[in-house]
Each structure stands twice: as structure tokens, then as C-alpha cells.
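J.: Okay, handing you the structure first.
The values are calculated or read from the model by the stated rules, or taken from the named source; none is laboratory data. None of these values were measured; they are calculated from a predicted model. Neighbour counts run over all protein chains shown; Cβ positions are idealised from the backbone, glycine included.
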Ligand SMILES: [Zn+2]
């Protein structure tokens, strides 16, 4: 094909001469081949060029030879794009005319947008940031470009492509709508195919066995023949309803509870592990549905390719391979920490070329933490491409949420998924200068400094990490000051209100990190802990400002598990209140009748009155009791009066942290005779709900003098039956007693 085009151009160059400066006059769609799609592409080109002041008319006709001043859009007599892959396209012209033509539904449209970007200087940085150059003196280029996507499927599950079709098309992305048209089930579908709430009571033996017990919230027992038959029957029904979907996921749920019944264990030993058992099962399903692709997961306990008696995926089996465990501080291909991932990837490559790569590009635990992962995107995508990946899924926040650095991150990923060999640094520079104007150089400096400091520290950058993870490296006090100085320069560089708003969006990540580090007692020189009472107002001020900004930008969530900006503000406010209200219990002696459980011992008994409240990070400031009662006695002193008692408990069922089943407050003057003053019996929601900090307060009818306060909090007797850790002891987490 390339040969055909070049030959053709050579003949035209002779006809018109190479240095002609021809202004385009018309957009031509070829009469006998005209489709609605090509007409749409022609109109997009017309509209976009019109924004730049170049007004062209569209004409439908047949030209034997390309005519001077014409831009040919869509199928045409001068090139056959049949050999290009879906979405691929060709752009060529000799300076007198130009041709834009592509393969499949989107190829020509991609050619139109690439023409605008590459030859005209248009940019679409975000759906609201279209850069339109002055097109009055534009002349047609003399050039040839043939583009083929590195990956047949390219999705970054982020806000922009799912809220702007223009953005998705311009950046050659698939969207969640495309995915839904392609996939019947997408992932973790065991629970959809054989739901526990429908089948568990009648057939517990269909579900995974752990420690001799069948689990509701686990996996399926793949060696049970009834499971295979039931699953295939249900799959046949749903395929009937949505027959146009090509790919159907039959894949484990999102947990590690693989079946360990004797039959499954026998199968695992035959195939060298649970992946072999799964793949054997999937191949059998795939043979039942030969005209569909059955997709399954190489994820967590099935990430390694089968060993022992090796099973190869059938030709209509797709392997969804996931990089959830990888660090983001260094490229997978070169990181000494990723040898086992590389082995798994390369093992799969030997078995199949039908790999769907599921990669992760944001910090899921803290969307707004600065997350300097841009430097690993390019080498990772190159590595995936070179290892047989055909479909690429970059998981970000899903359709509706946003994160720090979203504008640039999404833009860069889109470009790299199309072609991982572009010059990524010049894309970043172009973005910063184009999107932030004169402030761009400062933003680029923040990004570069942060990345360099992360790499220098050698610390892990984790998709489930926190700001405090960076305290010895890219988020050290010293570095935070450098970023703040650069932000100051950025603001000083521009008066443009649109750009200043973009700077604020960028700056929110620094505010978030500052608040997180301060509430973890880490950012000592900005908010010295001893002086925090004096600085509380400025910390509260920053929190309010961040919450206001996030709400102003329409941000809904602060993390994957939920938490709105308002709730985040409340948690920080409550933390500060607990920490600096100096209630009557502040630094009073505490006697713990039962010791806390490792590693959540915090500072021992004193933690309950040290004025350090917990935040939405279970690793800090929380005192934990694993399956055990919290029984604490606080000596209030002789003159203290009790008006109210309150304590907070952390609720985070994903990590086995539940609310106590009861919390009881007692007072006494002799530590012998206790008078109950309040009892709370909270309900734990029966779902893996959003984490929360819950307050349990008892107000007394009248102020009462007491020398001692006793708190007894009983954990749930065991983790409830619906949970994947059913039957195990539950944690309770508390931080501080506030007496007023
Ligand atoms: Zn089993």
C-alpha cells in the first residue's frame, strides 16, 4: 500500500511541481462512494476549518485525477485503505490537493482530526480547550502519513472521553459505550452468571469452599459439573438477548477466595495452580459458544500462566491480564521489582496473542493526591505492545470522576495508546504551554521535579497509596515548598481567568497533600504540630477552600470507595476538633483492660486521650482491637464535670473493620461502682459500603461530676455471613475519647 501511494504522488508531483502554495477551496466527497459517515467527516472538517476562518464548500463529484485546491475526504479513487487495520488511515497530498481516508467506522474521522492537529496546529487539550489557529493563510501540505494503531482497542476509563464524543474521536479512543457494545459481560462475571442470592441456599456446593465452609461472597466451584451446565445455560440465555455483543466475560469475582474443595485442589495440582483449572473450564465454555469470544481474567490468583499440564487458551478465548500489583515509580520492563510480572506476561505471550491488558493509571485510594506516574506510561505501553497485547484498557476513575493531573494524564495516555513511540516529553511540553500558557513552564517544572524526586527516593508509587507514602521523597516538606513556589510563579505569570482556573485545578492536589500530611503530623514546618492550635484556622481555611474548589469543579468523589468533598471536609474538621478541643479527658491517664492488637497499637493506651484523631487512613492514629473488646478506664481527676462523652469508630469493611456491636459509657467515683450513662448499638450495613468515621455521643441531662470514665466497646462476634471473610474475627478501630 505504501508503495502504491508513493508511486502515485511521484506522478502528481511531476504534474504540478513540488513547491506550489495552494490554498484549499473545497472538500470533495466522491460521488459513487459517498456514505453518511464520509459526509459527517467532511462536515467536521468544514466546521473546524471554519472556526479558523477558512471557509470551504463541500461538493460531491467524481474526479479522475485529484484536482488543485481539493481536500478529498473518505473513500476515493486514489487509494484503497482495505489493507489498513480498523481505525487506521492515510493522509497524503502534493501541495496542490490532499486526501484523507481511513478504514472502518472511524478511520476517516481520525484522519480529519489528525490533519487538523498535525498540519494546521489545532489542539483539543480537554473537551473545553479547543485551540483554533488562524487558518486564513493556510496552504495545503505536501506529505504522506500512514497511521496504524498500536492497539486495536484503546480505552482510558476517565471523565473526558465519556463526556465528549468529540474528545474520544479526536484522540482515537474507545468509550464505555463502545465497550458496552462489544462486551456482554465485561469482568468479574461469576457473580452475574451464578448469583449467590439466587442459588446459594439451594446449592452451597456450587460456591467456593474455604476452611471446609462454602462461601457466599467467594468464587464458583469450577470442578462441580452442575456449575458448568448452569453457567452455560444462563450464558446462552443472555447471549440470545444481546446477540450483537462479540465478547463475553466468564471470570472470577474480585476476591482471592478460590475454591479449595478436594476436587478443585486435585485439578489445581494437575494444572499447576488455579489458573489451569480456570482456563480448562473457560476453554470448555468457549467450545459451547464458537462464534463468540469468551474472556477471562489473569488477575491476582490467576495472573500466572498455567503450568504443569499446560492448557492453551482456545482461539476464541481472550485473556484479560492485569497489572494491579505493579508499582508505578518505575517502568515494568526495567524494574527489578517486577520480574514476576514480566515472567507472567511473557508466559502468556507464548500461549496466546489474544490479550486484553488491564492497566491502572490513577491513585484509587486518593484521587486528589499528586500521582507522578507519567514517566512510566510510555515504557509500559511499549512493553505491552511488544508482548502481544491487542486490546488496551487503562483504568482511571470510570466515567464520572476526576483526579489530580487528569487533563494531561488523559491526553498523554490517549496519544501513547495510539502510538507508544511518540516523543512523550514533547507532548507534555506542548500540553503545558498550550493549556497553561505562560504558566506552562512552571507546571512542567512541578511535574518534572515531582517525578525526579520520586525516582530519586526509590519509594514505591502505589495505586492504593497515600500522601504520607511520599513524605521521605517527592512530598517531603522541602519539596512541597518548591512546588508551592513554582505555583506562585505560575499564578504571577498570567492574568487570564480561564488559565488561572486551570492552575487552581492543578493546585488542588498540593492542597490535598498538605492537608493529608498535616493531619498525619508530618508537615511540621508548615503546620508545626506544637503550634497547630495556632495554625488550625489556616488548616481549616485550606480545607474549606479545597472543598469549595472541588465542588466548584463538579468533583463528586475523593476516592474509589466514595467520600464526597463535603464529607472529606467534615472528616478533617472533626479531626481538628478532636485534636484541639482540649476536652476534659485531654491527656488524662488511660488504663486499657485489654491490650490493642498489632500492628494497630498506635501509642498504646494514651492514644485515646492524646488529642490525635484518626483520618480516612486506617494506618494512622487508630487503635485497633481484633475480635477483642475495647475496655478502657480514664481517670478524669477530681474536679471534672461530664456533660457529654463521644468517641469515633472507623468503618471500613473491605479491610475487615466494622463498627462495634455495642458501645457503653459508664462513670464512677471509686472505680468500683459504675453507673451506665449511655449505650449505642450501631448497625453495620450488609454491603462493602463506603468507608466512614462514625461518632457515638452521649449527652447527660445535667452536668455530672465523675472521677472515672469507662468505655466498653464489643466487636461483632464474627465477620457476617455475606462478607468474603465470613466467620473471621472483626476489627474495631477507635481514636480518641472526647469528654466535655
Ligand atoms: Zn471446588
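J.: Please determine whether any residue of the range 240-248 is in contact (Cβ under 8 Å) with a residue 60 or more places away in the chain and either in a helix (DSSP H, G or I) or within 25 Å of residue 720 (Cβ to Cβ) (or both).
T.: no
J.: Going by what's in this entry, would residue 156 be described as over 31 Å from the mean Cα position of the chain (by Cα) and surrounded by 16 or more Cβ atoms within 10 Å (Cβ to Cβ)? It would help to see each step written out before you state the result.
T.: Numbers: over 31 Å from the mean Cα position of the chain (by Cα): no; surrounded by 16 or more Cβ atoms within 10 Å (Cβ to Cβ): yes.
Spelling it out, it is not the case that residue 156 is over 31 Å from the mean Cα position of the chain (by Cα) and surrounded by 16 or more Cβ atoms within 10 Å (Cβ to Cβ).
J.: Hey, another quick one. For the range 236-255: of the residues being more than 20 Å from residue 205 (Cα to Cα) and surrounded by 19 or more Cβ atoms within 10 Å (Cβ to Cβ), which is nearest to the ligand (Cβ to nearest atom)?
T.: Among those residues, the one meeting the criterion is 249.
J.: Please find, within the range 256-272, the residue that is farthest from the ligand (Cβ to nearest atom) out of those that are buried (at least 19 other Cβ atoms within 10 Å of the Cβ) and within 30 Å of residue 179 (Cβ to Cβ).
T.: 257
J.: Would you please name the residue that is modelled with the highest pLDDT, looking only at residues in the range 552-577 that are at positive phi and assigned to a loop (DSSP other than H, G, I, E, B)?
T.: 554
J.: So for the range 311-322 (the condition being in a helix (DSSP H, G or I) and more than 17 Å from residue 394 (Cα to Cα)), does at least one residue qualify?
T.: No, that holds for no residue.
J.: Would it be correct to say that residue 284 is in contact (Cβ under 8 Å) with a residue 40 or more places away in the chain and within 29 Å of the chain's Cα centre (by Cα)?
T.: no
J.: Show me the strands (runs of 3 or more DSSP E) entirely contained within the range 1-117 in which 1 or more residues are modelled with pLDDT of 90 or more, touching a helix residue (DSSP H, G or I) at 6+ places or on another chain (Cβ under 7 Å) and surrounded by fewer than 21 Cβ atoms within 10 Å (Cβ to Cβ).
T.: 57-61
J.: Enumerate the pairs (first residue in the range 210-232 and over 17 Å from residue 249 (Cβ atoms) and free of Cβ contacts under 8 Å to residues at least 24 places away in the same chain; second residue anywhere and in a strand (DSSP E or B) and within 13 Å of the ligand (Cβ to nearest atom)) with beta-carbon separation below 6 Å, excluding pairs fewer than 6 apart on the same chain, so at least 6 apart or on different chains.
T.: What qualifies is 214/207.
J.: Quick check on the range 273-296: of everything there that is outside any helix (DSSP H, G or I) and more than 15 Å from the ligand (Cβ to nearest atom), which residue is surrounded by the fewest Cβ atoms within 10 Å (Cβ to Cβ)? Give the derivation first.
T.: Of the range 273-296, the ones outside any helix (DSSP H, G or I) are 273, 289-296.
Now drop any that are not more than 15 Å from the ligand (Cβ to nearest atom), which leaves 289-296.
Details: 289: 16, 290: 10, 291: 8, 292: 18, 293: 21, 294: 26, 295: 27, 296: 27.
So the residue we want is 291.
J.: Does residue 282 fit the bill of being closer than 20 Å to residue 321 by Cα and modelled with pLDDT of 95 or more?
T.: yes
J.: Still on this structure, I have one more. How about the range 180-191: which of its residues are more than 15 Å from the ligand (Cβ to nearest atom), closer than 20 Å to residue 279 by Cβ and not in a strand (DSSP E or B)?
T.: 184, 185, 186, 187, 188, 189, 191
J.: Quick one: is residue 675 surrounded by fewer than 16 Cβ atoms within 10 Å (Cβ to Cβ), under 33 Å from the mean Cα position of the chain (by Cα) and at pLDDT 90 or above?
T.: So residue 675 does not fit the description; no.
J.: Being under 30 Å from residue 388 (Cα atoms) and within 16 Å of the ligand (Cβ to nearest atom), is that true of even one residue in the range 201-220?
T.: Among the residues of the range 201-220, at least one is under 30 Å from residue 388 (Cα atoms) and within 16 Å of the ligand (Cβ to nearest atom), which makes the answer yes.
J.: Tally the residues that are touching a residue at least 24 places away in the same chain (Cβ under 8 Å) and part of a helix (DSSP H, G or I), restricting the search to the range 405-440.
T.: 24
J.: Looking only at the range 646-666, which residues are surrounded by fewer than 22 Cβ atoms within 10 Å (Cβ to Cβ), without any contact (Cβ under 8 Å) to a residue 60 or more places away in the chain and either over 28 Å from the mean Cα position of the chain (by Cα) or not in a strand (DSSP E or B) (or both)?
T.: Within the range 646-666, 661, 662, 664, 666 meet the criteria.
J.: Next question. So if I check each of 400, 469, which one is at pLDDT below 95, within 30 Å of residue 655 (Cβ to Cβ) and not in a helix (DSSP H, G or I)?
T.: Values: 469 fails: not in a helix (DSSP H, G or I).
Checking each option against the conditions leaves just 400.
J.: So, one more: Mind listing whichever residues of the range 144-169 are outside any helix (DSSP H, G or I) and touching a strand residue (DSSP E or B) at 6+ places or on another chain (Cβ under 7 Å)?
T.: Across the range 144-169, the qualifying residues are 144, 145, 146, 147, 151, 152, 153, 154, 155, 156, 157.
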